[in-house]
Amino acid sequence: MKIALGADHGGFNYKNKIKEYLASTGIEVLDVGTFSAESCDYPDIAHKVAKSVASGDAEKGILVCGTGIGMSIAANKIFGIRAALCSDTFSAKATREHNDSNILCLGERAIGEGLMFEIVKVWLETPFSNEERHKRRIDKIEI
Ligand code: RB5
């Protein structure tokens, strides 16, 4: 599996920790930046990760900013992207099963490191339910 990973300055620390974790599990990581704690614009990063996922270059993506909100808003502008902002493990599991979310958004200033890793693990491990009603609803998302 290849994961596209990105963060702005607000999510820079968590991005590095997630990158290390993914590498330790053998998952290939496409790190699109940012590469320093200097201030930068989250839409630039969100669109890079979202385009990698939408094009099929990466299977899924993970985006981190201060709240996760800006990243999720920007990523969801790209056709085919279902970016889910998660702050709890219940939602992380449900959004994979029900929404087949292909990008996980996280807020470094909103959740602690332990919870962040639990969310990442649950989100990556949970498959889409493949149930007809969920497929029908996903097909109705793009307009
Ligand atoms: C940066 O200060 C902050 O606005 C950004 O990381 C993010 O939280 C935006 O939604």
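Brief remarks on what is shown
- Loop-resident sites, the stretch 49-143, for GluC sites (Glu not before Pro), counting at most 12 other Cβ within 10 Å (DSSP): Glu131, Glu142
- Axial C-alpha extent at least 27 Å, average Kyte-Doolittle at least -0.5 - helices from the chain (DSSP): none
- Principal axis analysis of the Cα atoms in the chain yields extents of 44, 29, 27 Å, listed in decreasing size.
- For Ala110 and Ile138, the difference between the fully extended length at 0.36 nm per residue and the C-alpha to C-alpha distance is 7.3 nm.
- Counting Lys and Arg as +1 and Asp and Glu as -1 over every other residue whose Cβ lies under 12 Å from the Cβ of Met1, the net charge comes to -1.
- If you take all other residues with their beta carbon under 14 Å from the beta carbon of His134, and give Lys and Arg +1 and Asp and Glu -1, the sum is +3.
- The stretch 59-135: projected area of the alpha-carbon convex hull, averaged over directions, in nm²: 4.8 nm²
- Within the shell of other residues whose beta carbon sits under 11 angstrom from the beta carbon of Ile111, the net charge comes to -3, with Lys and Arg scored +1 and Asp and Glu -1.
Each value in this text was obtained by applying a stated rule to the coordinates, not by laboratory testing. Given the structure is predicted, the values throughout are model-derived calculations rather than measurements. We place every Cβ from the backbone using ideal geometry, glycine too, and count neighbours over all the protein chains shown.
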